[in-house]
Amino acid sequence: MSAAFDGSGYRQRVLAVLRARSPLRLDDPFFVADLDPEGGDTDAEVQARLARVLAFLQRERSSAKYATLAAELVRRRAEWEAPLRDAEARERTRQRVVEARRDGDTERLAKVDGYLATVRERFGGIPVSRVEGLRRLAAQAGVAGERFEVRLARERLIDDAAGVGVAPLPADARGQIRDRLDELRALRRGDHASTASLWAFLGVAPDGPPARLVAAYEAVAAVNARRPHDREKTVTADLLALVRGRLLEGDPAAYTAGLLADAADELRAAVEEHVLLDGEITAVAFEGLMRRALGAGRGLSAAQVRSVVLGLARDLGVPVSTGATVDFVVCPGCGRPEPVGEVRVCRYCDTDLYIVCPTCGRLTEAAAVVCRQCGQSVRQSRDATEALAAIRRALDDGRPAEA
C-alpha cells in the first residue's frame, strides 16, 4: 500500500457519498477507511491507512464543505476503526461487508432494470430521447458507467430523438414538400411506402450516415435521368431538388422536426376535445390518436407519434393512460396502421403487410424504409431486384438494347 494519501479522491469517493446519506451510517468500515475488502492488506498496512484517514479527517474539520461530517467521523471513530484493527475482527467484518455489498448491488441493479422495464412497456423499446434521463437515474441508484451501458445494450433502442428540440422547417416549406410527395403518390397509383416522407422517397433511415444519404440521392437521380420525359420525372426532379436543399445542404433534423410539428398540429384539436369531454386521454383514445397520426402518411415511427401525443397532453396538463404497449405496422397500399403481429394482410385493402427482406431474407414490414432486422434499405434492395428482373425479361425477349 502506498504511503501517499489522495485527499481529493477520498473526498469524492467517501465523504461526498457519506454526506448524501441521511442518517449517517457507518456499517461499512472498509468504505469509511477507503479500503478494498478483497485487497488482502496486512495489519501494518491497515493500521497505517487508518492513521492517515484519521489525520485527514482532523484537518477537514476546518473545511467549509465537510467540517460537520469530518467532526462526526472523528467523534465516532471507534465504530469504523475497531472492526478493522484486529485481523480476526477484520475478517468477520469483511465477510459481512462483501455479502451486504453484493445484496445492495443486486438491489440497485434490480431498481435500474425496473426503470428500463417501465419505459420499455410504455414505448415498446427505449426511446433515444430518454436514454440520458435513464442514465442519470441509474447513476443516482448507484449503477453508472459500463454497468448501465451493459444493461442498455440488451434493449431495443427507438430513434425518436431526431427533430426533438430543433426548430422545424417553416410551414410553407413543409407544405411544398408534402404537395410534391402527394402528387408523386398519385402518379405511382397510391404508393404510400415510397412517398411518406423525403426519407421514404430516398429509401434511407433518418438517422443514417450522411454518406448513405448522398448515395441514395445520387441513385434516385441516376434512375430519374433515364426515365422518359413525363410528369413523374418532373415531380421526382422537384423532390430531388428539395432533398438537396433541405437534407444535403440544410439541417435534416429540421425536416424531421417539421414532420413532428405537422403531426402535433393535426392532433391538437382531437386532444383538446378529449380534454374538454373526458378530462383525460384514455387508453382507447390514446390508441385512436396513434392510429390517426400514423395513418396520415408522414412516415413517422410509432415512438415518434407517442412522443407527439404525450407532448400535447403535457402541454394541456391532461393525464394519459397509454394502456398496453402496441406497436404498429403501416400498410404500404392504403397507409392504414395495424397492430404488429395481429394480421399478415391489411384488412382494408388486402395488401401484404410484411415482405421478405431482399438483403437478409428475414421478414420485415413491407412499408419500412429500412429492414428492421439488418438495417439495409428495403426500397433500394427491392428496386435493384426489380431492375435485375426487368433486365432478364428484356434479354429473354430478345431486346438487348432495352436491357
**Report entry** Choice from S62, S321, S307 with maximal GNM fluctuation in the chain (Cα, 10 Å cutoff)
**Finding:** S62
Query raised in the report: In degrees, nearest 10, range 0 to 90: what is the angle between the Cα axis of helix 252-278 and the longest Cα principal axis of the chain?
Result: 80 degrees
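Can you put I355, I177 in order, fewest other beta carbons within 10 Å first? Could the numbers behind the result be given before it?
Details: I355 16, I177 21.
So the ranking, lowest neighbour count to highest, is I355, I177.
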Requested in this report: Set Lys and Arg Cβ to +1 and Asp and Glu Cβ to -1, take the dipole of the chain about its Cα centre, and tell me which of G341, F5, A33 lies farthest positive.
Outcome: F5
Query raised in the report: Taking other Cβ within 10 Å of each residue's Cβ, how do L109, L395, L57, L277 sort, fewest first?
Result: L277, L395, L109, L57
Query raised in the report: Between [x] 68, 50, 40; [y] 65, 63, 36; [z] 95, 59, 40, which matches Cα extents along the principal axes in Å calculated for the structure shown?
Result: [z]
Query raised in the report: Among Y115, L84, Q95, whose Cα lies farthest out toward the positive end of the dipole of region 83-138, if unit charges sit on the beta carbon of Lys, Arg (+1) and Asp, Glu (-1)?
Result: Y115
Report task. For region 179-214 and region 29-45, compute the distance between their C-alpha centroids and round to whole Å. Result -> 63 Å
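Mind sorting R96, R298 by how few other Cβ atoms lie within 10 Å of their own Cβ, fewest first?
Working: R96 15, R298 23.
Fewest-to-most ranking of R96, R298: R96, R298.
Compute, for region 177-297, the length of the dipole vector about the Cα centre, with Cβ point charges of +1 (Lys, Arg) and -1 (Asp, Glu) only. Units Debye, rounded to 20.
Numbers: 15 positive and 19 negative charges, 160 e Å.
It comes to approximately 780 debye.
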**Report entry** Most fluctuating residue given options L240, L202, L69, as computed from a GNM of the chain linking Cα atoms under 10 Å
**Finding:** L69
Requested in this report: Enter the per residue convex hull volume of region 171-395, computed from alpha-carbon coordinates, in Å³ rounded to the nearest integer.
Outcome: 136 Å³
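Since every read-out is calculated from the coordinates, none of them should be taken as a lab result. Not measured: the values here are computed from a predicted model. Heads up, the Cβs are rebuilt from the backbone with ideal geometry, glycines too, and the neighbour counts pull from every protein chain shown.
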